[in-house]
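Input: a single structure, listed below in C-alpha cells.
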2 protein chains.
Amino acid sequence: MFRTHTCGELRLSDVNKTTTLSGWVQTIRKFGSMTFVDLRDRYGITQLIFSESLNDKLEANPLGREFVLQVKGSVNERSNKNNNIPTGDIEITVTDFIILNKSLTPPFTIQDDTDGGDDIRMKYRFLDLRRQAVKKNLELRYAVSRSSRNYLHEQNFMDIETPFLIKSTPEGARDFVVPSRMNPGQFYALPQSPQTFKQLLMVSGYDRYYQIVKCFRDEDLRADRQPEFTQIDCEMAFVEQEDILQMFENLIKRIFKDVKNIDYTHQIERMTWEHAMWVYGNDKPDIRFGMQLCNLKFPAHTFPSQKDISSLISGVDFKVFEEAETVISIAIPGCCEYTRKQTDELTEWVKRPQIGMKGLVYIKCNTDGTFKSSVDKFYTEDKLKAIADATNARAGDIILVLAGAEEKTRKAGSELRLYLGQQLGLRKVDEFKLLWVLDFPLFEYAEEDNRWVARHHPFTSPKPSDIEIMINNNPVIDNPSEYLKHPYANIKANAYDMVLNGNEIGGGSIRIFQKELQQKMFAALGMDDQEQKHKFGFLLGAFEYGAPPHGGIAFGFDRLCAILGGSESIRDFIAFPKNNSGRDVMIDSPSSIDDKQFDELQIKLDLKA
Amino acid sequence: MFRTHTCGELRLSDVNKTTTLSGWVQTIRKFGSMTFVDLRDRYGITQLIFSESLNDKLEANPLGREFVLQVKGSVNERSNKNNNIPTGDIEITVTDFIILNKSLTPPFTIQDDTDGGDDIRMKYRFLDLRRQAVKKNLELRYAVSRSSRNYLHEQNFMDIETPFLIKSTPEGARDFVVPSRMNPGQFYALPQSPQTFKQLLMVSGYDRYYQIVKCFRDEDLRADRQPEFTQIDCEMAFVEQEDILQMFENLIKRIFKDVKNIDYTHQIERMTWEHAMWVYGNDKPDIRFGMQLCNLKFPAHTFPSQKDISSLISGVDFKVFEEAETVISIAIPGCCEYTRKQTDELTEWVKRPQIGMKGLVYIKCNTDGTFKSSVDKFYTEDKLKAIADATNARAGDIILVLAGAEEKTRKAGSELRLYLGQQLGLRKVDEFKLLWVLDFPLFEYAEEDNRWVARHHPFTSPKPSDIEIMINNNPVIDNPSEYLKHPYANIKANAYDMVLNGNEIGGGSIRIFQKELQQKMFAALGMDDQEQKHKFGFLLGAFEYGAPPHGGIAFGFDRLCAILGGSESIRDFIAFPKNNSGRDVMIDSPSSIDDKQFDELQIKLDLKA
C-alpha cells in the first residue's frame, strides 16, 4: 500500500495517528538540523519534518523538487499553524521514507504564478497540469459535465453515442478526412457535429438525446479555436422552440448552482436578433452593461420596422454624415471630461485596420447643460441636444459618433462599446448575465459565390410564416450589390443562441422535418438533386418514414467552462490542447507516417513546391 | 405543445382526463365503424379509438403504419384490458387528430420478431432503432455508462478528455490516420486507446482518471469487431495490483446491481494465466461449467512446475500418443451412451480446418465400471481406468482425447470443451461468472519477425522478481524453433484480465514508471533509440520528472453491454454500427472526396491495379 491518507486529508483530529503519504516534493527547507518538506498530491499539501536522525539517509538519498516520495510518520500539531491550507494545523514527523522516483529540475516552477512561458508550458504540458491553477480548471470542467449529465438524466435524456468515422459533406467548415484502407480511394470524415445522427435518432423515436462529444473542424485556427472541441449536444422530438428554451435555460441554471453555487433565479432575458443588432450591433451582446447604440441613420431595407430619425443630423452641410450609409452614436457615461489626448486616442483606436473607421465625432454633454463637440461648426446647441436626447445621454457623458457603410459601422459601434465597457470596468468577471437571442436570419450571403449559405446549418427550419416566401421565390441573386433586398434576406429562422457575458455558449434550432422543405433548403444553398442525394440521401430517405417535429441545441463545452472559470481562453480548460498551427508540441504531432502506411492506404503525398 | 402525456404514461387513475399524445402508428384495425390505432413512442403504446364521427376526416386523411400522429382525446377505461402493457387498462377516445408526418410503408416490420434481414436493417438503421428489442439494448448501454460514471465519481475518479488527433505509433494494431492540411505531409492518428495520455495524467498528479471514450483500430474486421469502439478507460496512481483488482471488481458488481439487479456478492474467482491455460486451454475461460482439461502429456518447458503423468499413456505401441507433443483429455459428464454416429460427428468436428486435429480418441466409462474405447487394442482396462481417474471422469462419462502439437492441441481442447458445454446447455445466458486472470506472460513471440512483442502493451511492467531476467538477458532469439525456451518466454507481467462468461471484458496492468526500464522494454521489442525517441520521446521525457507508480484497466464497453444483454454481438448494442467491410451502409460511408479536398490536403490516390 502506497498511502493510508492523501496530502489533503489530515487534520488536528488525526494527531498521534501513524500515516503513510505519497506525493511530490513541492519545497524543501532546512532549519538547522531539521528538514521541512511540503508534500503535494491532487488533494493538497502536507508539511513533513525530517528530524536529525534521518540526516544520514537524506544525505545518501538527497531529495529534490518534484521527486516522488513515500513517507511514514506520525501526525503532530504544528506550533506555527498555516491558515492558508486545510492541513495547516498539522505536520508529519517522518520516521522513514522511500524515494519512489526522482525528477530533473522542472523547466518552470510548479506554482500558480509560474515563471514558464506559454511555449515551454505547452511542451511540458504534463508538468503544467500539476499547477493548482490548471487543476482547478479541469476540476471545473468535470463539475460542469457531471452537473449537465445529472440534469439531463433527470429530464429523461439518453446518452447515445454517434459514430466518429462518418461521411464528408463539406458545407461551411472543412472536414478532417480519414483514408479507408479496406475501401481504397474512399475516405471517412470526422464529424463537425453529430447533427444528422441526432436527427436520425429523433426519427427513430429517441425523443430526448444528449451526448458530451468531441467534434472536429479543419479551420485556420484563431486564438481561441481548437481543431477538436467538445459539445454538449442535445436534441428533442415533439417540441416547439419554447420547450427547448425552458429545458436548456434550466440546464444552465443548474450548472450555475452546482458548479458556482450561484442561484440564477431571475428570468433569462430574450431578444430578437434584429433588436440585438439594432442596439448592440452584435448578435451576442454583453448585457452586463448598457451603452446601447443609437441609430441616427441606417439603410431602410436593413431594419424595415425601425423609425428613421436621420433628420436629426441632416440639413447641415456635414458631408461625413450626409454621405454615410449609417451613423451610430453611443453615450459613454460620465466621460465628458475626456481630454483632447483621450479623444484622439479613441479616434486612433477606431481607425485601426481591425475596426476600419475613417474617424470619430464626439459630443461632450457638459454638466452645466451645454455641449461641446468636434462638429460645432455644423450643429447648433439645439441640434446637439436633440442628438444627445436620442442617444439617451445625460449631462456628464460624452457621445461618440461613427459614420460609414452599414456593416462596418455597426460592427465598429459594437467593438467600441465593448472596448469602453472593458476600460470602464463594466464587464465584471464575477457577474454572469445570460441572454437568449432569437429569430436569426435563415440565410447569410456568401459574396465569393454570390449565393445563400445557411446561417446556422441547412437543417434549421424557417419561421412557419416565412415558409411561403422561401417556396415562392427563386433563390438566385440577380443583383449582388443589393442582395439585402432579396426576399431571402428577410426570412427568419426558428433558431436561438444562448449568450453569456457577450459570448455565444450555445445555439440551436427547430429543424426541418419534411422532405420537400429540406430539398427546397438544399436547393436554395445551390445543391442540385444529385449532390443532395450523394451527401444527404440518408436523411431525405429517413424523412420519408415518419419524421417527427424536432429541434435541439449544442453548447460549446470548452467555452462554457472557460467563461465559468473567468477566462477568455478555452485552451486553459483542455487537458492537452493544440497550438495555433494545430500541433500538439508535447507529443510532436502531426508527424510523418511510414511508407508501409502509405502503401496500405493507397495514397501518396502531392506536396506543392 | 405537441403532447401532454407520453404513450407509456396513462393509467386507470387518469380516466376522464383530456390528453394530447404524439407518436407513431404501430397498428390500425377497423371494427365496424370504429378505428383502433396503437400509438407508439419511446415510452410505450397507447390504444386510440376513432369513433364514427371522425370517419370523414379519416377518409380525407388516411392513416398508415409509422405515420406520425398527434391526437387529442379523453382517457377511458378499456372493456377488454391488455395485461401485457402498462397502459393496457385504458384507451383514448379521440376527439381530433393531426397527421404530423406521413410514412412510406417500412421495408420491414417494426416489431421484435421483424421480417427484415441484417442487410436491410443496417441500411434502414433509423427504422431498426425503432424496434423495442434494439431500444432495450441502447437503454441498457446508457444504464451501464450511467452506473459506471456514478461509481467512479463516488470513488473520486475524474473524467478527463484526452485528444483524438494524436500521433501515429503503430505497434500492434494499425492506426487510422488523418492528413493535416495545416502541416502538409504530416498526419495525425486516431487513438487506439488513450494509454499514453492517461499515463501522462498520472505523471501530472491526477491520481484517479476515467473516461468512457471512443477508440479506433484499422484491423480487418472479424464478426464481432468494429473499427471504432468504446472503452471505459481508467488509471490510478500510487496503487498496487490488489488495489486495482478491488476497485474494479466493485465497479462490475455495482453495474450488475444497477443494471441487472443482481447481487454479485461472492468473491470474484482468481486464476493465474498458467492455470487457465493448464485446465481450460484458454486465457479467458468460461467457468460457468467444469469439464476441465487433463494434461496427459505436454512439453516440459511450457508448464515447468507441473507434474509429468505421461507414463499413464506411454509404454504401449500407440503411435498417435507416442509422437504427439501434447495429449489432452476431457470428461464429458453422462455421455457414455454416445452412439458411433455421435462420436464420428465429434471426430469430424475436431478435424475441421478451424480446429485442425487429425482425430479423436474416446473412452466410454460405462455405468457398470467397465471401459470401452477406440484404443482398446492398445490400452488395458487398468490403463484406461488410470486415464479416467486422472481426467476426473465418473462412471457414465465419455472421455475425449486429443493429441498433437502443443498450441494447436490445447486450443482444440478449449474449443471442444466450449462446444460441448454449449451443446449440453451448461453455458446459461442468465448466469454470470466473473473471473480475474492474473500473471500473464509479458511477451509474445512474433513468428514473422522472429522477435518479441508485448502481450498487453509496451507499458506493462514485468513482475518485480522478473525484472532481473529482463535486464540480464539479450532479447535476441537465436533459435526460432525453440523460442519458448528463451528466458523472455517465462517473464510474467503485472497484468490482469477480467473475464465474464468466457469473454474478456477488461484488461490492464501495473505500468512501467521508470525511464530506464521503459527503454529496456522498447529495446526488447526491437525499437532502437531513435525510434523510441520519435514515437515515445514525450513519455520517456515525462518519466524524468517524477512519475509515480501507477496502473489501470480498460473495459470493452460494447462487449460488456452485449454480454449483460445476453447477446454475443456487439453490433446490436451500438446505435450506428459498421458492417464487416467497415462501411456504414446507411450513410454510404466511406465515400469519395472532392478534388478540392485532395488539393488542400496535398495528397493523392495511389491505387494499386
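A short reminder: the numbers here are calculations on the coordinates, not readings from a lab. Treat the numbers as computed from the prediction; the structure is a model and nothing was measured. Here Cβ is always computed from backbone atoms with ideal geometry, including for glycine, and neighbour counts include all displayed protein chains.
Per residue of peptide A:114-125, the mean number of Cβ atoms on other chains within 10 Å of the residue Cβ is 1. Relative to its residue count, chain A spans a Cα convex hull of 241 Å³ per residue.
For an R0 of 35 angstrom, estimate the FRET efficiency from the Cβ-Cβ distance between B:Ser311 and B:Ser481 and round to the nearest 0.05. The value I calculate is 0.85. Annotation note: trypsin sites (Lys or Arg not before Pro) in segment A:176-223 located in DSSP loop regions with a Cβ neighbour count of at most 16 within 10 Å are A:Arg222. A cut-off under 12 angstrom between Cβ atoms defines the neighbours of B:Trp436, and their net charge, with Lys, Arg +1 and Asp, Glu -1, is -4. The protection proxy used here, the mean number of other Cβ atoms lying within 10 Å of each residue, ranks peptides A:249-255, A:603-609 as follows, highest first: A:249-255, A:603-609. Computed over the alpha-carbon atoms, segment A:244-311 gives an Rg to Rh ratio of 1.14, Rh here being the Kirkwood radius from the mean inverse distance. Taking θ as phi - 60° and the Karplus parameters 6.51, -1.76 and 1.60, the scalar couplings of segment B:361-366 work out to 9, 10, 10, 8, 9, 5 Hz in sequence order, x denoting glycine and proline. Segment A:64-106: percent of C-alpha pairs farther apart than 16 Å? Everything past 16 Å amounts to 53 percent.
Based on DSSP H segments of at least four residues, each scored -39500 (n - 2.57), chain B has a per-residue ellipticity at 222 nm of -8000 deg cm²/dmol. Remark: mean inter-chain Cβ contacts per residue of B:151-161 equal 4, using a 10 Å Cβ-Cβ cutoff to other protein chain atoms. With its label point put 7 Å out from Cα toward Cβ, A:Thr18 sits 7.7 nm from the same residue's point in the other copies, in order from shortest. What is the log10 of I(q)/I(0) for segment A:183-244, computed with the Debye formula using one identical point scatterer on each Cα and no solvent, at q = 0.24 Å⁻¹? Cα-only, vacuum Debye calculation for segment A:183-244: -1.00. For A:Asp263 and A:Asp96, the FRET efficiency from 1/(1 + (r/R0)^6), where r spans their Cβ atoms and R0 equals 41 Å, is about 0.25.
Database remark: amide H of A:Ile603 closer than 5 angstrom to the amide H of B:Asp606 (H placed geometrically; neighbours at sequence offset of 5 or more, or on other chains; Pro and chain starts carry no H). Packing, as the average of other Cβ atoms within 10 Å across residues, places the peptides A:187-193, A:65-71, A:468-474 in the order A:187-193, A:65-71, A:468-474, highest first.
Annotation note: GluC sites (Glu not before Pro) in segment B:410-466 located in DSSP loop regions with a Cβ neighbour count of at most 11 within 10 Å are B:Glu431.
Binning all Cα-Cα separations of segment A:92-190 at 10 Å, short to long from zero, yields these whole-percent fractions: 11, 19, 20, 28, 17, 4, 1.
At a threshold of 8 angstrom on Cα-Cα distance, excluding pairs fewer than six apart, so keeping six or more, what relative contact order does segment B:12-101 reach in percent? Can you show the working numbers first?
Details: 194 pairs, mean separation 30.4, N = 90.
Normalised by residue count, the contact order of segment B:12-101 is 34 percent.
Take each residue in B:241-253, count the other chain C-beta atoms within 10 Å of its C-beta, and the mean is 0. With K and R counted +1 and D and E -1, the other residues having a Cβ less than 12 Å from that of A:Phe513 yield a net charge of 0. Every Cα-Cα pair in segment B:304-360 was counted, and those over 14 Å apart are 68% of them. Label-point spacing at B:Ile262 relative to the other copies reads 4.6 nm, in ascending order, each point sitting 7 Å out from Cα along Cα→Cβ.
Taking a quarter of the surface of the Cα convex hull of the protein assembly as shown gives a mean projected area of 62.2 nm². Taking the fewest neighbouring Cβ atoms within 10 Å as the starting point, the ordered list for B:Met277, B:Met498 is B:Met277, B:Met498.
Under the rule a/c < 1.5 gives rounded, and otherwise a/b versus b/c splits prolate from oblate, where does segment B:1-150 land using the Cα gyration tensor? Oblate is the answer for segment B:1-150, as a/c is 1.5 or above yet b/c matches or exceeds a/b. Remark: label point of B:Arg29 defined 7 Å out from Cα along the Cα-Cβ vector; separations to the same position in other copies 8.4 nm, ascending. Taken over the alpha carbons of segment A:130-239 as equal point scatterers, the Debye sum produces base-10 log I(q)/I(0) values at 0.13, 0.15, 0.16, 0.20 Å⁻¹ of -0.64, -0.81, -0.89, -1.12. Each 5 Å bin from 0 upward holds the following percent of the Cα-Cα pairs of segment A:12-101: 3, 14, 27, 30, 17, 7, 1.
Ranking of A:Leu58, A:Leu152 by neighbouring Cβ atoms within 10 Å, starting from the fewest: A:Leu58, A:Leu152.
Note on A:Asn580 and A:Lys604: their simple-model spin labels are 3.6 nm apart, each label 7 Å out from Cα toward Cβ. Restricting attention to the protein assembly as shown, close to 90% of DSSP beta bridges with both partner residues there are antiparallel.
The H on the amide N of A:Asp89, modeled in the peptide plane, is under 5 Å from the matching H of A:Asn82, each at least 5 residues off or on a different chain.
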